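Read the figures in this text as sums done on the coordinates, not as results from a lab. Since we're looking at a predicted model, the values are computed, not measured. No Cβ is skipped: glycine too gets one built from the backbone with ideal geometry, and neighbour counts run over all protein chains shown.
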Amino acid sequence: MQILKTVLATGAAAALLAGSALAQGKPSEIKIGITTFLSGPASVFGVPAKAAAEMIAEDLNKKGGIGGVPVKLSFVDEGAGGEALVSNYRRMVQDEKVDVTFASISSGSCNQLVPVAEDLKVMNFMWDCGAASILETKKYRYNFRTQANGTPEMLAVLIYLLKVKPDFKTIAVVNQDYAWGRESWEIFSTALKALKPDVQVVAELFPKFGSPDYSTEVSRLLALRPDVVLTTSWGGDLDTLVRQAGQRGLLQQSTFVLGIGESSIQRLGKDLPDGLIVGARGDHWFLHPEKKNDAAFKAFNEAFKAKTGAWPIYPVYHMAQAFSALQMAYDKALKANGGNWPTREQVVDAAAGTEFATGFGRPVTLRTEDNQGLEAQLVGVTKTIPGYDFKVLDNMMIFDPKVITNPPGIRSVEWLKTLKPEFVKIDVPTFKQ
Amino acid sequence: MNSTLAILAVLDGISYAALVFLVSVGLSLIFGVLRVVNVAHGSLYAFGAYLAATLSLSVAPLSPWLTYPALLAASIIIGIVCGGLIERFLLRPLYGRDDVLQLLITFAAFMIMDNLQRIIWGVQPIFAAEPLRLLPNISVFGVNYTSYQVLLLPGVALLTLVGLRYFLRRTLAGAVILAVTEDREAATAIGIDAKRVYFVTFIIGASLAALGGALASPTTSLVPGMGADMIVLSFAVAATAGLGQIEGTALTALMIGLTRAFIIYIQPEFEVLVPYLLMVLVLLVRPFGLFGAVHVRKI
């Protein structure tokens, strides 16, 4: 748990500086309401993230909490969806009187809950949802996204592909038929048209979300022989697609790009061949090239593995980022308030424009203009190395978020259309495993 | 679409149809005999898949070929244990009462089993492909297929269809089931134990659902919610065929499988709609399904 010492170092220092003045109006606890998937297919993300939240909160409280105040967590299952989710969220804010919420994983949930948070005037961190449009269509005061959105995530993957395989001529896509599958392809294909207009899209396949069988899609792709196959699928769907494609030789025939495949690598084990391009929804990787020798980072990863049986995946790091952002917002607010316990509004003021060190990757900035998080992106290629019974990432590139995120005030797709082929030449550091 | 692609689509369609038939036929059988729309059918499918994967992963280190008996064993265990418990303790007290109660009680069973599944097997996808890996790939016009999907699954589906037909029409036990289906009161009057028939039939239907899951388990990731997806598809197939129609279920599954495969080649946007479009079209023309018959109501 060394990592939390580092992550919380600033907070601890601020608490000490605040001294006795903190005693005035200090609450007995900071209540955090978290929405996450505890049921349904997306629980592959939600359950590890919940484990991470509990682990971080426990460790945080052992060290005195935030500004000397312990945190208390309550969870709502996003799997309930629809009105049930909204009702539970309202109950959490109005009855349990949580001080801050972390909502949500699904962009659909974020679309529902962001206006509610704004109405209820409760600070909300969109801790994992990726739809860029949420913060592009309206300026919010109480809602912040503590990580990137789909635009830099997809653009990083595309630039990586164009850098390592610049001569490909044809591409096919197999995405889940729901909001993320469609939106991620819109981002990717729009950028592709701008950066490499001569590429032909030979198939756009959107099988049903949760489909147990991709045999026909695999047959069609085997017959079409595209140079590249992109998929931004996740969870069991991605596992099934990759395994069915591998069993029939498709992974060897085409270059596969797994847009958010980092979360599946451990489960896929040896079924994943070398040479697949994998994105990580941020610079998240338990062997992060700039962090892997950091004692605190290693300690967190090992503690998580000991608790859950698996190395952390990106939703775990996204959850940790939300805690880091909260810590930083309170620390800033305390400092700005002369050490006195801040009001909720003062904490919201402090969150805007803040930059926070996550301890798990590069620092993240909450952009003042639209509260969008600027988060670096890590993309790599699968490789077999001794000591692991699954593939690890090699030839990793870490992309600067300021370069690959659309500027505030311009819709993602419109910005992507303005990119020129020269954009691919941006300098990106590459790391060997 | 050229003839090569058409042949590939037919192979894909048959493979998918085989799996759909194996799952749907149990639902149809249970409705045909017990007149119960079993919403928990999807959970039996999921439990069959999970137990098959668990047993396969356990026996594979001893001998990979043991995974095949493991698939069968999982189906039988789930059929007897889960099917037996549902029929004996949830459905039996409700026979003769409002149909809505049966629907609600099987829905409750579905919800309970869905949560049990999460408690027992967790939320991370599970994959046990050993049975599939044991069989070689075959190449058709340069496109690889796993023989598990294009030969074994259709083979088992065909065997199940023929076996069920033979059992129901050529054996004494089958005749007894058909007698109870035809007229429960008359069958009881001549000494047939209708309760026992219901019990056995439900176990057979549950075992078929579990067999569908067990045979699917080497090809797909097992995830929370997989049962819910399959129950919707099974209902569409059973309703299109006409509830209780076993041969109709086979033909409908084939029709859905082939149409879906061709649609993916021609117009993939409509893939998701295929089973339900077919269902709507069929039910508009034949409200009792393709093979269903109008029943005269007894007063």
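Extending each Cα 7 Å along its Cβ direction at B:Leu283 and B:Arg88, get the distance between those two points in nm, one decimal. The two pseudo-label positions are separated by 3.5 nm.
Given a Förster distance of 25 Å, report the FRET efficiency between A:Ala84 and A:Lys138 from their Cβ-Cβ distance, rounded to the nearest 0.05.
The pair A:Ala84/A:Lys138 has a calculated efficiency of 0.50.
Going from the residue with the fewest nearby Cβ atoms within 10 Å to the one with the most, B:Leu27, A:Leu334, A:Leu60 rank A:Leu60, A:Leu334, B:Leu27.
Averaged over the residues of peptide B:11-17, the number of Cβ atoms from other protein chains lying within 10 Å of each residue's Cβ is 3. As a proxy for reagent exposure, A:Met126, B:Met111 were ordered by neighbouring Cβ count within 10 angstrom, fewest first; the result is B:Met111, A:Met126. Distance between the 7 Å Cα→Cβ label points at A:Asp389 and A:Asp198: 4.7 nm. Note on B:Ile266 and A:Glu414: with the Förster distance fixed at 35 Å, the Cβ-Cβ geometry gives a FRET efficiency of about 0.60.
Take each of the peptides B:62-72, A:340-350, B:89-99, average the number of other beta-carbon atoms within 10 Å over its residues, and list them starting from the highest. Numbers along the way, then the final one.
Details: B:62-72: 16.5, A:340-350: 18.2, B:89-99: 12.7.
Ranked by mean Cβ neighbours within 10 Å, highest first: A:340-350, B:62-72, B:89-99.
Quick check: the angle from helix A:150-164's long axis to the longest principal axis of chain A, C-alpha only, nearest 10 degrees? Approximately 40 degrees, to the nearest ten. Fewest neighbouring Cβ atoms within 10 Å first, the residues A:His284, A:His318 line up as A:His284, A:His318. For chain A, the longest principal axis of the Cα atoms and the long axis of helix A:43-62 meet at an angle of about 30 degrees. With each label modelled as a point 7 angstrom along the Cα→C-beta vector, the A:Glu345-A:Asp274 pair spans 6.1 nm.
Beta bridges per DSSP, both residues in chain A: antiparallel share near 35 percent. Peptide B:118-130 has a mean of 5 when you count, residue by residue, the C-beta atoms of other protein chains within 10 Å of its C-beta.
In terms of distances greater than 28 angstrom between alpha carbons, the cross-link table entries A:Lys292/A:Lys391; A:Lys138/A:Lys335; A:Lys62/A:Lys332 yield A:Lys138/A:Lys335. The C-alpha atoms of chain A define a longest principal axis, and helix A:314-336 lies at about 30 degrees to it.
Could you work out how much longer the chain between B:Ser63 and B:Asp98 gets when fully extended? Use 0.36 nm per residue separation minus the Cα distance between them, nm to one decimal.
On the way: separation 35, 0.36 × 35 = 12.60 nm, distance 5.00 nm.
Length gained between B:Ser63 and B:Asp98: 7.6 nm.
Run lengths n ≥ 4 of DSSP H only: what is the helix-derived mean residue ellipticity at 222 nm for the protein assembly as shown, with -39500 (n - 2.57) per run over all residues, to the nearest 500? Mind dumping the intermediate values first?
On the way: 29 runs with 383 residues, N = 732.
So the calculated ellipticity at 222 nm is -16500 deg cm²/dmol.
Calculated FRET efficiency, A:Ile426 and A:Leu224, Cβ-Cβ r, R0 30 Å, to nearest 0.05? The value I calculate is 0.45. Largest first, the extents of the alpha carbon coordinates of the stretch A:123-174 on the three principal axes equal 46, 18, 16 Å. Of all beta bridges that DSSP places with both ends in the protein assembly as shown, some 40 percent have antiparallel geometry. Does the stretch A:271-413 come out rounded, prolate or oblate, given a ≥ b ≥ c as the square roots of the eigenvalues of its C-alpha gyration tensor, rounded meaning a/c under 1.5 and, failing that, prolate meaning a/b above b/c? Here the stretch A:271-413 falls in the oblate category. Mean partner shielding of peptide A:40-47, defined as the number of other chain Cβ atoms within 10 Å of each residue Cβ, is 5.
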